[in-house]
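K.L.:
Could you have a look at this structure, given as structure tokens, before my questions?
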Amino acid sequence: MGLVFRLSNVLVLPFWAVMILLPRWRWTARIARSAIGTVVPAALYAALVLPRLGEIWPAVSRPTLDGIVALLASPAAATIAWVHFLAFDLFVGRWIYLDSQERRISPWLMAPVLFLTLMLGPAGFLVYLIVRPLAAVVSPAPAKAPVQNSV
């Protein structure tokens, strides 16, 4: 399980790197719009959790603190939980990146928000929900040109 844990980190880092370090690179938006970045960690999670569903389901269907502590007490379970975090944090980070690009929020502002999302997922998401409307007030996105009907 140690190898799967290490590889799962390596699996998501290129996606985070381009969103944080190369946000305006022409390939970054293409990569982010592709589902591959989020599908691969989700597939890894499914491959890890499905064979253990019999032991996992009772703990998550009727969660208690003691039950969750017992569930996460093994390297395999901790790895599965970690891959779950990585998959969902990347999904949220991808949405934040694409939404901020559409709103033309400065990459200098977004880099720390995305890094926070990578490290502490929900905290980064919360910060983005605060930054999002404030960035629109400070620097409103230019209006889109009206669509002309060709008759």
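K.L.:
How about the range 37-105: which helices (runs of 4 or more DSSP H) wholly inside it have at least 2 residues that are surrounded by 14 or more Cβ atoms within 10 Å (Cβ to Cβ), out of contact with any Leu (no Cβ under 7 Å at 6 or more places or on another chain) and at pLDDT 95 or above?
P.N.:
75-102
K.L.:
Has the range 24-35 got at least one residue that is assigned to a helix (DSSP H, G or I), of a type in the set (A, V, I, L, M) and farther than 30 Å from Leu109 by Cα? First the steps, then the outcome.
P.N.:
Applying the first criterion (assigned to a helix (DSSP H, G or I)) to the range 24-35 yields 26-33.
After this cut, where a residue has to be of a type in the set (A, V, I, L, M) as well, the list is 29, 31-32.
Subset that is farther than 30 Å from Leu109 by Cα: none.
Within the range 24-35, none of the residues are assigned to a helix (DSSP H, G or I), of a type in the set (A, V, I, L, M) and farther than 30 Å from Leu109 by Cα.
Results for (1) more than 30 Å from Pro23 (Cα to Cα); (2) among the hydroxyl-bearing types (Ser, Thr, Tyr); (3) out of contact with any Gly (no Cβ under 9 Å at 6 or more places or on another chain), shown as yes or no for each residue.
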site	(1), (2), (3)
Val69	yes, no, yes
Thr79	no, yes, no
His84	no, no, yes
Trp95	no, no, yes
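The values are calculated or read from the model by the stated rules, or taken from the named source; none is laboratory data. Every value quoted in this text rests on a predicted model; they were computed, and no experiment measured them. All Cβ positions, even for glycine, are placed from backbone atoms using ideal geometry, and neighbour counts span all protein chains on display.
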